[in-house]
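S.K.: This is the structure I want to talk about, given as structure tokens.
All of the numbers you see were taken from the coordinates with simple rules; none came from a lab. These figures come from a predicted structure and were not determined experimentally. No Cβ is skipped: glycine too gets one built from the backbone with ideal geometry, and neighbour counts run over all protein chains shown.
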Amino acid sequence: MSVFQYKNVYAGYSKEMDVLHGISFSLEEDSRIALIGANGAGKSTIMKTISGLVPLREGEILYQGERIDTLWPHEIVRKGIIQVPEEGGTFPNLTIEENLNISCINKKAKSHFEANRDMVYDMFAPLKEKRHMMADSLSGGQRKMLSIGKAIMGEPEILLLDDISMGLAPKVVEDLYRQLKELVNHLKKPVLVVEQIMEIALQFADYGHVVQQGRIVLSGTSEELLNSEEVKRSYIGG
């Protein structure tokens, strides 16, 4: 059964021009879905519509059968639909521990505070070692760990990952996704990932959608897309 439905969405940054043209997909319980495609295809715009940052012109977004596209961004977050953004996501002038503490924004998150914090520290050892240091003292990879940790502290029901490899060295990205896969296997919650490194996205996800000029042009299991000559030619360079 689908816990999340993105139905025939048209949206953009002005009334005169849509970026998304009738996009539809769904998330099942414990599924990992990747959105892949060239820069400017509309992937991050999809994420922003889910988080309430870009309004819909047509269509609807539903979580557990309830429309969320009419809600304010903070109301969407309180429902547990939490995005790890491409950039930012942390408060540089707070310590790591303070960043994690303030991310418990609902009753459920507060009741699981210690268990979630321990899980974050177990998964991302550098954060535990530096927990009393300011976030702006962290490396790029460690800041991304903290951004993910903050999302976990919010007790996500759906986790949105928007190009989290941006600006990171390949080895850091590889390690980050390895840790992230362990984390989401433990959480058993749906994950939607947008990633500039398409091989990484498809190796992480179970299923993928290829987005091109604001439309889904191809869908399949990760294995099918990784072996697709069209995807290799157009997006991976095979």
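S.K.: Apply the a/c threshold of 1.5 to the C-alpha gyration tensor of segment 33-94 and tell me whether it is rounded, prolate or oblate.
M.R.: Details: a/c = 1.95, a/b = 1.11, b/c = 1.75.
Taking the square roots of the gyration eigenvalues as a ≥ b ≥ c, segment 33-94 is oblate.
S.K.: Write down, largest first, the equivalent ellipsoid semi-axes of the chain in whole Å, where each equals the square root of 5 times an eigenvalue of the alpha-carbon gyration tensor. Before the final figure, lay out the partial values.
M.R.: Values: eigenvalues 160, 91, 52 Å².
With the √(5λ) rule applied to the chain, the semi-axes are 28, 21, 16 Å.
S.K.: Rounded, prolate or oblate: pick one for segment 94-156, where a ≥ b ≥ c are the square roots of the eigenvalues of its C-alpha gyration tensor, a/c under 1.5 means rounded, and failing that, prolate if a/b is larger than b/c, else oblate.
M.R.: Numbers: a/c = 1.94, a/b = 1.73, b/c = 1.13.
Prolate shape, in that a/c is at least 1.5 and a/b is the bigger ratio.
S.K.: Work through the residues other than residue 221 whose Cβ is under 13 Å from its Cβ and net out their charges, Lys, Arg +1 and Asp, Glu -1. Write down the numbers at each step before the final one.
M.R.: Details: positive: 32; negative: 206, 223, 224.
So the environment of residue 221 carries a net charge of -2.
S.K.: Would you list 53, 100, 176 from fewest to most Cβ contacts within 10 Å?
M.R.: On the way: 53 14, 100 24, 176 20.
Ascending number of Cβ neighbours within 10 Å: 53, 176, 100.
S.K.: Give me 103, 137 sorted ascending by neighbouring Cβ count inside 10 Å, so fewest comes first.
M.R.: Working: 103 25, 137 12.
Ranking 103, 137 by Cβ neighbours within 10 Å, fewest first, gives 137, 103.
S.K.: List the relative contact order of segment 94-156 as a percent without decimals, with contacts defined as Cα pairs under 8 Å and 6+ residues apart.
M.R.: Numbers: 59 pairs, mean separation 34.9, N = 63.
The value is 55 percent.
S.K.: Sticking with this structure for a sec: Contact order normalised by length for the chain, with contacts defined as Cα pairs under 8 Å and 6 or more residues apart; what percent is it? Before the final figure, lay out each step's value.
M.R.: Working: 448 pairs, mean separation 63.8, N = 238.
The normalised contact order for the chain reaches 27 percent.
S.K.: Total Lys pairs in segment 78-207 closer than 18 Å by alpha-carbon, pairs eight or more apart in sequence or interchain only?
M.R.: 22
S.K.: Helix-derived [θ] at 222 nm for the chain: sum -39500 (n - 2.57) over DSSP H runs of at least 4, divide by residue count, nearest 500? Don't jump to the answer; show the numbers that get you there.
M.R.: On the way: 10 runs with 85 residues, N = 238.
Value at 222 nm, helices only: -10000 deg cm²/dmol.
S.K.: Please arrange 161, 127 by counting, for each residue, the other beta carbons lying within 10 Å of its beta carbon, fewest first. Could the numbers behind the result be given before it?
M.R.: On the way: 161 27, 127 24.
Lowest count first: 127, 161.
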